[in-house]
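Here the structure comes first, spelled out in C-alpha cells, and everything after it is commentary.
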Amino acid sequence: MSQFIEMFKGKAPNAKLRDWVDCDITKVKKVFNAEDTIEYIDISSVDNFANEVSSTISYLLKNAPSRAQQCVKKGDILLSTVRPNLKNIAIIQIDKNNLVASTGFCVLRPKNGFAQMILATILSDAFTEKMMFVAKGTNYPAFHDCDALDYPVYTPNKNGIEKVTALFIQADKSKFSDFKSQFIEMFGNANQPKYEVRKLGDVCEVARGGSPRPIANFVTDDPNGINWIKIGDADGSRYINKTAEKIKSEGVKKSRMVYKGDLILSNSMSFGHPYILNIEGCIHDGWLVLHFDKDIFDPMYLQAYLEQPYTYLLMSNLAAGGVVNNLNSEVVKTLPIIVPSIEIQREYVSILNQADKSKFELKQCIENIDKVIKSLING
C-alpha cells in the first residue's frame, strides 16, 4: 500500500469522474411499453454492506413508481444521490434485460477497466465529504448527478489501474452473501411463510412521534438535554447512536419518548427504513416507533424483516399521499409479520453479526484505498 501511495503522491487531478463512465443512460419509455414488466431497483434494493443490488421489485411499467426512469444493466454502478453520508452504493450483478433504476440514483456505467477505480473513489471519505458539502436540503439532503460526475480524479496508467483493482479485490466481497435472499430461504415471506404470521399491531406497539412547536424554542445546547432524533442522525449503520441536537425537557410532553432497543421507522419521503436505537430520546412526527417484547422479537430480525423488498412493496402500496407518500401507525399495524421462535431468529442474527465483523475488514480496506484517493487530490 505504501508503495502504491508513493506511486501517485503529488499527482494533481487530470480528469473528472465523468471521463471514466458512459453518461448515455436510456430512459425507460424509449425501451418499454406500458404493459411490459420491469424489474425495479430503488433504495430498498441496495445492500450497502456488500455494495450490491440484492433484489428487485416486479411491476408492469404502467403501475411502476414515477421514479422508475433509468434503464440499467449488469455492471452499472448505482450511487444514491440522497443523504450521501449513508453511502448507498451498489454494483449491479443481476443479469436481466428489464432492469430499471430510480431517479434517486446517479447511474455510473464504467468504461472498460474503470469499475474498481470508480468504486474506490465513490466509497472514499473524500468523495462522501464533498457530496455532503454540495448536497441541498435539510431532512433529505441530495446532490445532483453533475456534482458527482464533475468530481476531480486522477487517471493513472494501466499499471496503476490494475493496482487499485487488486486492492479492491482484497476486500473479498464474497464474504457478504445476499442476506435478503437468505432471509427468504430461512423464513419465507408473508405470502409464502414458513412460520406463523401475525399482524404487526398484534405483536408490537406502533406509535407516531411528535414535534414540540416551534421547535426552535425547544432546541438546547445543554449537554444534559434530551436527544432529538432526526432522519439525519442515521449514519448508514443499522443503529442510531447519537444525535446532532437536543431539546429541553419540557419538550418531551409534546413529543414521544423512545428507548434503547426500540426500533424506529421513517414514515415519510424515504419511508419504511428501520433503525435500532442505541440511545434514548424523543422522535418527531417523521418517525414511527415499534415497542416490542424482546422475548418475541430480536430487534435485528425485526429490522431485517422490515427491510425485505416484499415488505417494502406492501408498505409502498399502503402508503398514502400525493407527491410525498406517508405511512401512518394504523397502516403499519396491519402489516403481516412472520413470527418464528426467538431461538430461530437468533440463528439468523448470528449470521448478521458475523457479516458486521467482516464489514469491519472491508472498511479497513476501503480506508487504505481512501488514503490513495486523498493523496491524488492533496499530494
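The values are calculated or read from the model by the stated rules, or taken from the named source; none is laboratory data. Small disclaimer: the values here were computed from a predicted structure and weren't measured. Glycine gets a Cβ as well: all are built from the backbone with ideal geometry, and neighbour counts include every protein chain shown.
Taking the criterion of being of a type in the set (A, V, I, L, M) and over 17 Å from Arg18 (Cα atoms), the residues of segment 92-115 that qualify are Ile92, Ile94, Leu99, Val100, Ala101. Take the conditions (1) part of a loop (DSSP other than H, G, I, E, B); (2) modelled with pLDDT under 90; (3) surrounded by 17 or more Cβ atoms within 10 Å (Cβ to Cβ); Thr311 misses just one of them, which is (1). For segment 142-153, filtering for residues that are surrounded by fewer than 19 Cβ atoms within 10 Å (Cβ to Cβ) and in a loop (DSSP other than H, G, I, E, B) leaves 2.
Results for (1) in a helix (DSSP H, G or I); (2) at pLDDT 90 or above; (3) exposed (fewer than 14 other Cβ atoms within 10 Å of the Cβ), shown as yes or no for each residue.
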site: Val289; (1), (2), (3): no, yes, no
site: Met300; (1), (2), (3): yes, yes, no
site: Asn317; (1), (2), (3): yes, no, yes
site: Pro340; (1), (2), (3): no, yes, no
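Checking each residue in segment 38-62 for being assigned to a helix (DSSP H, G or I) and without any contact (Cβ under 8 Å) to a residue 40 or more places away in the chain picks out Leu61, Lys62.
Within segment 105-127, the set of residues being surrounded by 18 or more Cβ atoms within 10 Å (Cβ to Cβ) and assigned to a loop (DSSP other than H, G, I, E, B) comprises Phe114, Leu123, Ser124. So is Ile264 under 24 Å from Glu343 (Cα atoms), among the hydrophobic types (A, V, I, L, M, F, W, C) and in contact with a Pro (Cβ under 9 Å, 6 or more places away or on another chain) or not? Judged against the criteria, Ile264 is a match.
Here Lys130 does not qualify as without any contact (Cβ under 8 Å) to a residue 12 or more places away in the chain and either basic (Lys, Arg) or crowded, with 19+ Cβ neighbours inside 10 Å (or both). The residue of segment 162-214 that is nearest to Pro299 (Cα to Cα), among those that are outside any loop (DSSP other than H, G, I, E, B), among the charged types (D, E, K, R) and modelled with pLDDT of 90 or more, is Glu205. Name, by its number, the condition in (1) over 15 Å from Tyr310 (Cα atoms); (2) at pLDDT 95 or above that does not hold for Tyr40. Condition not satisfied by Tyr40: (1). Scanning segment 222-252 for residues that are free of Cβ contacts under 8 Å to residues at least 12 places away in the same chain and either part of a helix (DSSP H, G or I) or of a type in the set (D, E, K, R) (or both) yields a single hit, Asp233.
Among residues of segment 104-120 that are closer than 18 Å to Ile41 by Cβ and assigned by TED's automatic domain parsing to the domain that holds Gln69, those with a Cβ under 9 angstrom from a residue that is assigned to a loop (DSSP other than H, G, I, E, B) and among the hydroxyl-bearing types (Ser, Thr, Tyr), sequence gap 6+ or separate chain, pair up as Gly104/Thr81; Gly104/Ser270; Phe105/Thr81; Cys106/Thr81.
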